[in-house]
Amino acid sequence: MNASATLGKDLTGLEHMTPDQIRLILDTAEPFKEVSERPIKKVPALRGKTIVNLFFEASTRTRVSFEFAEKRLSADTVNVAATGSSVSKGETLVDTARNLEAMRIDMVVIRHPSSGAAEFLGNRIASNVINAGDGKHEHPTQALLDLLTIRDKHGKIEGLKVCLVGDVLHSRVARSNLWGLTKLGAEVAVCGPWTLLPRGIADLGVKVFGRIEEAIEWADVLNVLRLQLERMEKGFIPSVREYYRVFGVTPERLERSPRPITIMHPGPMNRGVEIDSRVADGPHSVILDQVTNGVAVRMAVLYLLAGGRAELADAAKRGAE
Amino acid sequence: MTRPILLQGGHVIDPSRDLDGAADVLIQDGKIASVGRGLTAPDGALVRNVKGKVVTPGLVDLHVHLREPGNEDEETVASGARAAAAGGFTAICAMPNTDPVTDNQAAVGFIVRQSDRAGLARVHPIGAVSIGQKGERLAEFGEMVSAGAVAVSDDGKPVVSSHLMRTALEYARTFNVPVADHCEEPTLAAGGVMHEGLVSTRLGLKGIPAAAEEIIVARDVLLAELAGGHVHLCHMSARGSVAIIREAKERGIRVTAEVTPHHLTLTDYACEEYDTHAKMNPPLREAADVAALRGALKDGVIDCIASDHAPHAYDEKEAAFDDAPFGVVGLETAFAVAHTELVESGLFTLPELIRRMSTEPARVFHLGGGTLALGAVADVAVFDASAKWAVDPTAFHSKSRNTPFAGRALTGRAVLTIVAGEIVHDLDHSGTR
């Protein structure tokens, strides 16, 4: 336990967090894992807290994961989607948030298509703000659940070689993973077509592989990013077919690895595009463990931002607080 | 008949005549009547003791956006001219991307009349290159010039068609006006909101590569050579552009260029924390670009400083970075920012800075002013070069407050601005008129 570390008001990204803060969240998630295994999946830790899930972009997995985390901590939650709300009538982000806050809420979980939107909101309202993905910037809870899953599988993060594969340019998951992994001592690489690797990425202290074969040769863990199919229409890659042939993670390619490689994917997957089904469903895939851990990590984040102390997480879980 | 003014005991800097020393300046009938030591005031003259102050030709800004007609909540000709006067500017050139676009003689005449009504800094209209700035058909340069336009530009966007740019450069020769271009290759820049580099990668914001500017800079100098016209390159931001302009000037191509105070002093790191006041087009680039731009301004490859004063309403900038408009105001901070960063740091002498902010811009657009020569129009500024002040956007005369320099401690300030022999800004006495 890193009882000395605390989180600030908001969780907007991992770039400016300390390794101790990240470890605090991972450690706090451990006792919360068990809650989801119970017949009655509920503890009273956030009883009386009001949380708004403010989603300006479509999301199933992340929104549902947050909602389960909130409900299993006994918080009262409201979901607001951009379509059909005042947002679609031209209300600004800051007005939407201030109106919600005027109803005396405690936390906002926000997903927004603009990079920096979570930070923008956090600087303007008193409630805690949790970034559930902002543009191409960060998706911190996804990276945290990835870190927890790697730690579960390998027993450590430090010294592991983790490669992020695919559309790094447009990926907030990649950026958050990059910060979290490097802060906890992993070696990080990115691999993809040069059209989908951002300028200056090597200056952030990561290796760059232009070919998937090189990445497989090197890595202990492959985190395979979703290839958004609209990238093809915008001309970043010529075709999905060629992408699969050149960059697809296939059993044939993995067989050449000197060691078993842990396979991760943040979802939703395009089977047969960035990842072959035999890999996604194979023995080294931890893709569904990631989803399970997502709830525990988000419970930990909600709990800590609400003022909970790490050493009380066990007690909170038992309902004894 | 206006009252004569005697500026007594000041330090006169007139780069047009390499003047840099103690002298009085006498202004009569709206003209410079005399510059020298121990001048006596004629009857009824207003005598101002400007000891310890610097007397220069008024500053000239080739690039401002005044939002009138169309967005008078953000700026008007009068409020922009007032902000200009407060910044030591006696003449500013208003870009035509108004609503409707200033693309005909009536629209140009409207700006001239609004400027005359305001009676502050002179506002020279710039006419559009193409009707509606649509990049299709040439606007009527001849009629716009006769109505008062001093240049043509589709600024805010580039002249995308190379054919149209060539035609504009050729056609403008008849009227001896420059074609000012906003250099941005649109397919490379599409969707970009800041400089493409390490910071944009970290922030997850779409970048605009320096090549988007450099490609059009290269095209424009080639077209200027082909057409024999005068191309003026707006707000240069990239070191690669500097190299192209340097080579073009060596080859004798008629090219001039400007750079803004913010591109001379800030880098893309100003966009950290998603500060929308650091969002401008072209974007703030890297330290090596800033160094190259400073060097180019020093040796004249870039001719002058222009503010690209671009007012925006508070609500527009109070938004996510992607959603905020490009642009910052600059008229009231331009001199002090440049003076603090370039002169106080020892890179430029004060006469060199005045040359780049007054004499040279006046020459580039063939305007009066930029000189204290005998008989020249009495557009004069007086600066307190040692005045220390902090930028307080709420004190701006501009209607907008969108500056990246809020709170910045600066040195140097306009204390007196005189246009055609009339005081239009007086910091110590009545303030700006």
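The values are calculated or read from the model by the stated rules, or taken from the named source; none is laboratory data. Quick caveat: nothing in here was measured; it's all calculated off a predicted structure. Backbone-built Cβ (ideal geometry, glycine too); neighbour counts: all protein chains shown.
Across segment B:326-350, the qualifying residues are those that are closer than 21 Å to B:C93 by Cβ and part of a loop (DSSP other than H, G, I, E, B), and the one among them that is nearest to the other protein chains (Cβ to nearest Cβ) is B:F326.
For segment B:288-309, how many residues are in a helix (DSSP H, G or I) and either within 14 Å of chain A (Cβ to nearest Cβ) or crowded, with 19+ Cβ neighbours inside 10 Å (or both)? Result for segment B:288-309: 8. Checked across segment A:31-49, the condition of being within 17 Å of the chain's Cα centre (by Cα), farther than 18 Å from A:A310 by Cβ and either assigned to a loop (DSSP other than H, G, I, E, B) or of a type in the set (A, V, I, L, M, F, W, C) (or both) holds for no residue. Taking (1) modelled with pLDDT of 95 or more; (2) buried (at least 21 other Cβ atoms within 10 Å of the Cβ) in turn, B:D275 satisfies each apart from (2). Of all residues in segment A:102-119, those satisfying the criterion of being assigned to a helix (DSSP H, G or I) and within 8 Å of chain B (Cβ to nearest Cβ) are A:A117, A:E119.
The conditions of being among the aliphatic types (A, V, I, L, M), buried (at least 22 other Cβ atoms within 10 Å of the Cβ) and outside any loop (DSSP other than H, G, I, E, B) are met by B:A172.
Among what's in segment B:175-208 and is in a loop (DSSP other than H, G, I, E, B) and over 24 Å from the mean Cα position of the chain (by Cα), pick the residue that is farthest from the other protein chains (Cβ to nearest Cβ). Filtering first and then ranking leaves B:G192. Entry remark, segment A:132-154: residues being over 12 Å from A:Q290 (Cβ atoms), in a helix (DSSP H, G or I) and within 14 Å of chain B (Cβ to nearest Cβ) number 1 in total.
For B:V55, state whether it is in contact with a Phe, Trp or Tyr (Cβ under 9 Å, 6 or more places away or on another chain), within 26 Å of B:V150 (Cα to Cα) and hydrophobic (A, V, I, L, M, F, W, C). The answer is no for B:V55. If you go through segment B:310-325 and keep only what is out of contact with any Asp or Glu (no Cβ under 7 Å at 6 or more places or on another chain) and either more than 14 Å from chain A (Cβ to nearest Cβ) or farther than 30 Å from A:L121 by Cβ (or both), you end up with just B:A310. Only a single criterion out of (1) surrounded by fewer than 16 Cβ atoms within 10 Å (Cβ to Cβ); (2) of a type outside the set (F, W, Y); (3) modelled with pLDDT of 95 or more is not satisfied by B:G431, namely (3). Picking from residues in segment B:375-392 that are outside any strand (DSSP E or B) and touching a residue at least 40 places away in the same chain (Cβ under 8 Å), the one that is surrounded by the fewest Cβ atoms within 10 Å (Cβ to Cβ) is B:G375.
Selection within segment A:120-131: residues that are surrounded by 24 or more Cβ atoms within 10 Å (Cβ to Cβ) and either farther than 15 Å from A:E15 by Cα or at pLDDT below 95 (or both). The member of this set that is farthest from the other protein chains (Cβ to nearest Cβ) is A:N128.
Cβ-Cβ distances below 8 Å connect the following pairs, each with a first residue in segment B:20-45 that is farther than 15 Å from B:T371 by Cβ, a second residue that is part of a loop (DSSP other than H, G, I, E, B) and among the β-branched types (V, I, T), and a separation of six or more residues or different chains: B:D29/B:T2. Looking at segment B:12-92, none of the strands (runs of 3 or more DSSP E) lying wholly inside it contains 3 or more residues that are farther than 24 Å from B:S153 by Cα and either touching a Cys at 6+ places or on another chain (Cβ under 6 Å) or of a type in the set (S, T, Y) (or both). With respect to (1) closer than 26 Å to A:V208 by Cα; (2) more than 15 Å from the chain's Cα centre (by Cα); (3) surrounded by fewer than 24 Cβ atoms within 10 Å (Cβ to Cβ), the lone exception for A:V94 is condition (1). Taking the listed residues B:E250, B:E196, B:E214, the one that is in contact with a strand residue (DSSP E or B) (Cβ under 9 Å, 6 or more places away or on another chain) and not aliphatic (A, V, I, L, M) is B:E196, with no other qualifying.
Listed by position, the helices (runs of 4 or more DSSP H) inside segment A:160-266 whose residues that are hydroxyl-bearing (S, T, Y) number at least 1 are A:172-183, A:240-247. Just one residue in the set A:E70, A:E34 is of a type outside the set (V, I, T) and either free of Cβ contacts under 8 Å to residues at least 24 places away in the same chain or under 15 Å from A:V108 (Cβ atoms) (or both); that residue is A:E70.
Any residue in segment B:127-142 that is part of a helix (DSSP H, G or I), in contact (Cβ under 8 Å) with a residue 60 or more places away in the chain and more than 30 Å from A:H137 (Cβ to Cβ)? Within segment B:127-142 (the criterion being part of a helix (DSSP H, G or I), in contact (Cβ under 8 Å) with a residue 60 or more places away in the chain and more than 30 Å from A:H137 (Cβ to Cβ)), the answer is no, since none of the residues qualifies.
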